[in-house]
Amino acid sequence: MSTEYFLFTIKFILLIMNKKSGGKMKKTIIGTLAHVDAGKTTLSESMLYLSGSIRTSGRVDHGNTLLDYDEQERSRGITIFASQATFDWKDTHISLLDTPGHIDFSSEMERTLQVLDYAIVVINSLDGVQAHTKTIWNLLKHYQIPTFLFVNKMDISHYNQEEILEDIRNNLDERCIDFTTSLHYESLALCDDELLDLYLNNNTINDQDIAMHINKRHIFPCYFGSALKHQGIKVFLNGLDKYVIQKKYPKTFGARVYKISRENGQRLTHVKITGGVLKVKEKLLNDEKVDQIRQYSGHKFQAVESVEAGEICVIKGFKDVQTGDGLGFEDTHILPMLEPYMNYQLILPKDCDRFEVLRNIKQLSEEDPQLHIQCDEKTENIYIQLMGEIQIEILKNMMKERFHVNVDFSQGQIIYKETIVHKVEGVGHFEPLRHYAEVHLMLEPIERGAGLQFETECLEDTLDRHYQRLILTHLQEKEHIGVLTGSPITDIKITLVAGKAHLKHTEGGDFREATYRAIRHALKSSECLLLEPYYQFELDIPSTYMSKAIYDIESMQGEYILPDEIGDRITIKGTAPVSQMQNYQLDVISYTKGEGHLFCSLNGYKPCLHQEEVIKTFHYDSEADIDNPTGSIFCAHGAGFYVKWDQVKDYMHIPMQYKIPQQTTYKTSNYDNQDLETIFERTYGPIKQRLSQSTTKPLQVQQDKTNQPQQLCLLVDGYNVIHSWPELKELAKENLDVARSRLIDILSDYQGYKQCLLILVFDAYKVKDNIGTSTQEHNLYIVYTKEAQTADMYIERATHQLSIQYQVVVATSDALEQMIVLGRGGRRMSSRELLEDIEYTRKEKMSEFKRKQDVSRNYLLEGIKDIHHNKS
């Protein structure tokens, strides 16, 4: 028996004895997350070592860590698979999950977030907050996980704690507080109004209140040290023990599946128990039987008879349960936020059994659902979605070790997505003989990155509830594709608004057919938009190559930010299309002679810059796609017949629920108050006053006394301009309201010079329950968009409608918005060009004013001379 296994067994026995003796310890599940090479696994090893769980602290570079026990992990020196260990510190029992830090294995990292009570974000003090760190931070916000921070490698850092903390606050959250020294209650009080009241009343804040607000994500404790040298680790562990709160769970059984793995061919299901107790030999979900329950620490495990709520374990015996599934009262399936953005064809060796390989590789897709294994029935090609080159190498090795097949991969293809521009209703009807179903779905565009959302507003008097649930199930059971390229659709809210069944002939599968056809009909009836993935990048290079880098980024149609101070090296941050930047790392290494480094992480999807060109390369014909029909099936004279999508409305049995607003016809000689108000009301509802500005008057446009329309209308994207002008950008860092007021003052003066209709639009789509407002301040019209409506959406519609009467110019630096403006009949002006025109106009007016002053002064002097002459 090895020493490590002996220590683990003794520790486990002591833990059981402690439970039997009535000793109560807080139980919590904590995950470590970080950008690659931040020292996350080293921190985990240090905590295990100082707690006495392991005898020696392993090192990643020595390949002897407890948590990185896979051969590929040890040979590459990176974490590939999430692994767990347990240890006790004072009054807290911690189940620690060590997650991968490399971007290629982000899906493995995200899956563990579903079961965490707390998270530890590790930051390399030499590099500060990096691109992938921000991705992790956003995921933690999405899953609402309380978070501690540990700044590692302080023993070799050339930055002090204050500088690093400022970087963290600027890039992550201003509520990140230094907990290594004596707490400054003033800083804590500024994190939350309730904490401020406690501090003002008591002149202090107790540990319980601090712990509660950490749990609510109002405070993010930050610790500093060196994991390799065990510096600051005990202080950090003491902080975890003091501020971690044990989660309360219901007595009813529930569990969440977060991982599937295999060991010696056996399928293992990793779960967190979220309620009640799970025992060996229990049956769950269609007679899935619990044959064995294991609790792991590293690659070793202990078989137990039961596990309680708040613990993680591995179940042997489940066959069909998938990652993200819920058991017991956890009846929802969690879909991940991060998705691969590259598609690869699997290249098999000659004389290889393709069907055998497909069956084997589907085992891997159970372990990583984000692989999205697909097989083209016509060509028999197998396609896999992956995150990057390292994941490809890992997958090759796994195929060779497990299935003894040497595979290769083709050059990757970008995974595009599709969405819609306008609200639209789709109709699906399925009525072959002795079948019947009709479904009406409302599709609405929502903010970028929101994915697909599903709701029902259908009355139960119209369609029975169980049919409505069935339709919602069909909406979520597959990946729906668009009509431009056959790519997945996203950023759409799909609402069931009407449906109809037949008392005798309707079967469950009928609504599946009708639902799918309704989505396709809506997409064909709407204006669709192609989206492409974007990188968020950090380019670290010697300053001598700055001009070359900027030229490359602009050539890739990327956006970038330069640091305020430029030394020997410079870090350029920004975003760029994956299609343009995916191979740029090799170029950076080449022109910097190995001194440059490029760090990229996926920044979501944005409108494709070359949509028409990309669509042509796909050669996709939505009408020829027999697996995803756009038309519907109707019945007449005892036989079903196919109706094309553009004729479905002539045959449907339920009237359309959504009435498309009619275009307002304007007189060529006048544009009165009522016309403009109609545009605003149609865009975001009735005009109402803002609650915070109850004295603001409703939007009214003064009628031109000459009865002639104004020739120029300037629409300004407020926040785009604020973040593009250096003066306003600096003001916005301190106070956004001040920056907004300054912009209003500048544009008010500018309107006075130009004498145009000027509408300033501010995004307010994230403000919950915001109804949208429009007011007049001085000579400007100021619009705050309603909830779920962006400034882009408002400006797009306003441009289309105002261009009938005005020469519309839109000021924005948003590339997509500029393209849409051109298509809507307007002209575009970048934020920089607007600033230049304002400065030029101001100078011209000042020069004109000085000329008039000079003329007036000359007339005055001449008059004085004449008076003196007459006197003389």
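The values are calculated or read from the model by the stated rules, or taken from the named source; none is laboratory data. Computed from a predicted structure; not experimentally measured. All Cβ positions, glycine included, derive from the backbone under ideal geometry; neighbour counts span all protein chains shown. Heads up: the accessible areas ignore ligands, DNA and RNA and are worked out on the full protein's heavy atoms, side chains in. Shrake-Rupley method; radii C 1.70, N 1.55, O 1.52, S 1.80 Å.
Restricting attention to region 335-357, does a residue exist that is closer than 30 Å to His132 by Cβ, assigned to a helix (DSSP H, G or I) and of a type in the set (Lys, Arg)?
Checking region 335-357: not a single residue is closer than 30 Å to His132 by Cβ, assigned to a helix (DSSP H, G or I) and of a type in the set (Lys, Arg).
Would you be able to tell me the number of residues in region 569-618 that are in a strand (DSSP E or B) and among the hydrophobic types (A, V, I, L, M, F, W, C)?
Residues that pass the stated criteria total 7.
Could you run through region 814-833 and say how many residues are at pLDDT 75 or above and open to solvent by 30 Å² or more (accessible area, probe 1.4 Å)?
5
Each row is one residue, and each column tells you yes or no for (1) under 26 Å from Ile633 (Cβ atoms); (2) touching a helix residue (DSSP H, G or I) at 6+ places or on another chain (Cβ under 9 Å); (3) among the β-branched types (Val, Ile, Thr).
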{"position": "Ile382", "(1), (2), (3)": "no, yes, yes"}
{"position": "Ser410", "(1), (2), (3)": "no, no, no"}
{"position": "Tyr416", "(1), (2), (3)": "no, yes, no"}
{"position": "Glu431", "(1), (2), (3)": "yes, yes, no"}
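Being surrounded by fewer than 18 Cβ atoms within 10 Å (Cβ to Cβ), touching a helix residue (DSSP H, G or I) at 6+ places or on another chain (Cβ under 8 Å) and more than 23 Å from Thr490 (Cβ to Cβ) is the requirement here; does Ile570 meet it?
No; evaluated as a whole, the condition is false for this residue.
Restricting attention to region 310-341, which residues are in contact with a strand residue (DSSP E or B) (Cβ under 6 Å, 6 or more places away or on another chain), hydrophobic (A, V, I, L, M, F, W, C) and open to solvent by 20 Å² or more (accessible area, probe 1.4 Å)?
Across region 310-341, the qualifying residue is only Phe329.
Any idea which residue in region 525-547 is most open to solvent (accessible area, probe 1.4 Å), counting only those that are among the polar types (S, T, N, Q) and not in a strand (DSSP E or B)?
Looking at residues that are among the polar types (S, T, N, Q) and not in a strand (DSSP E or B), I get Thr544.
If Gln468 passes every condition in (1) in a strand (DSSP E or B); (2) within 24 Å of Ile334 (Cβ to Cβ) but one, which one does it miss?
Condition not satisfied by Gln468: (1).
Looking at region 519-545, I want the residues that are more than 20 Å from Ile561 (Cα to Cα) and among the hydrophobic types (A, V, I, L, M, F, W, C) and have a partner that is open to solvent by 20 Å² or more (accessible area, probe 1.4 Å) and assigned to a strand (DSSP E or B) with Cβ atoms under 8 Å, at least 6 apart or on another chain. Which pairs are those?
That search, which allows pairs on different chains as well, returns Leu530/Lys417; Leu531/Lys417; Leu531/Tyr605; Leu531/Lys606.
Go through region 262-294 and count every residue that is more than 13 Å from Leu327 (Cβ to Cβ), in contact (Cβ under 8 Å) with a residue 40 or more places away in the chain and surrounded by 16 or more Cβ atoms within 10 Å (Cβ to Cβ).
Residues meeting the conditions: 2.
Which residues, counting only those in region 225-248, are open to solvent by 10 Å² or more (accessible area, probe 1.4 Å), more than 29 Å from the chain's Cα centre (by Cα) and among the hydrophobic types (A, V, I, L, M, F, W, C)?
Of everything in region 225-248, those that are open to solvent by 10 Å² or more (accessible area, probe 1.4 Å), more than 29 Å from the chain's Cα centre (by Cα) and among the hydrophobic types (A, V, I, L, M, F, W, C) turn out to be Leu228, Val235.
Just the residues that are part of a strand (DSSP E or B) and not β-branched (Val, Ile, Thr), please, taken from region 548-568.
Glu559, Tyr560
Would region 197-206 turn up any residue that is open to solvent by 60 Å² or more (accessible area, probe 1.4 Å), closer than 30 Å to Ala38 by Cβ and more than 31 Å from the chain's Cα centre (by Cα)?
no
Can you find even one residue in region 437-455 that is open to solvent by less than 20 Å² (accessible area, probe 1.4 Å), outside any strand (DSSP E or B) and at pLDDT 90 or above?
Checked region 437-455: no residue is open to solvent by less than 20 Å² (accessible area, probe 1.4 Å), outside any strand (DSSP E or B) and at pLDDT 90 or above.
Taking the condition touching a Pro at 6+ places or on another chain (Cβ under 8 Å) and either open to solvent by less than 20 Å² (accessible area, probe 1.4 Å) or closer than 30 Å to Phe634 by Cα (or both), does Glu513 pass?
no
Given the residues Ser297, Ser306, which is the only one that is open to solvent by 40 Å² or more (accessible area, probe 1.4 Å) and among the hydroxyl-bearing types (Ser, Thr, Tyr)?
Within the list Ser297, Ser306, the selection yields Ser306.
Taking the criterion of being at pLDDT 90 or above and in a helix (DSSP H, G or I), would at least one residue in region 475-484 satisfy it?
Yes, region 475-484 has at least one match.
Hey, any hits in region 847-858 for a residue that's modelled with pLDDT of 80 or more and open to solvent by 50 Å² or more (accessible area, probe 1.4 Å)?
Checked region 847-858: no residue is modelled with pLDDT of 80 or more and open to solvent by 50 Å² or more (accessible area, probe 1.4 Å).
Can you pull out every residue in region 573-589 that is in contact with a Gly (Cβ under 9 Å, 6 or more places away or on another chain) and open to solvent by less than 20 Å² (accessible area, probe 1.4 Å)?
The answer is Gly574, Ala576, Pro577, Met581, Val588.
Only one residue in Gly596, Gly631 is modelled with pLDDT under 90 and either within 30 Å of Ile415 (Cβ to Cβ) or surrounded by fewer than 11 Cβ atoms within 10 Å (Cβ to Cβ) (or both). Which one?
Gly596
What are the residues in region 209-258 that are of a type in the set (Ser, Thr, Tyr) and in a helix (DSSP H, G or I), if any?
Tyr243
Output the residues belonging to region 456-486 that are farther than 30 Å from Ala639 by Cβ, open to solvent by 10 Å² or more (accessible area, probe 1.4 Å), of a type outside the set (D, E, K, R) and within 21 Å of the chain's Cα centre (by Cα).
Gln476
Listed residues Asp540, Asp564, Asp568, Asp552; which is out of contact with any Cys (no Cβ under 6 Å at 6 or more places or on another chain), modelled with pLDDT of 90 or more and charged (D, E, K, R)?
Asp552
Spot the failing condition for Phe511; the list is (1) out of contact with any Lys or Arg (no Cβ under 9 Å at 6 or more places or on another chain); (2) free of Cβ contacts under 8 Å to residues at least 60 places away in the same chain, and only one is missed.
(2)
Please indicate, with yes or no, whether at least one residue in region 553-561 is out of contact with any Lys or Arg (no Cβ under 9 Å at 6 or more places or on another chain), open to solvent by less than 10 Å² (accessible area, probe 1.4 Å), in contact (Cβ under 8 Å) with a residue 12 or more places away in the chain and of a type in the set (S, T, N, Q).
Looking for residues that are out of contact with any Lys or Arg (no Cβ under 9 Å at 6 or more places or on another chain), open to solvent by less than 10 Å² (accessible area, probe 1.4 Å), in contact (Cβ under 8 Å) with a residue 12 or more places away in the chain and of a type in the set (S, T, N, Q), one finds none in region 553-561, hence no.
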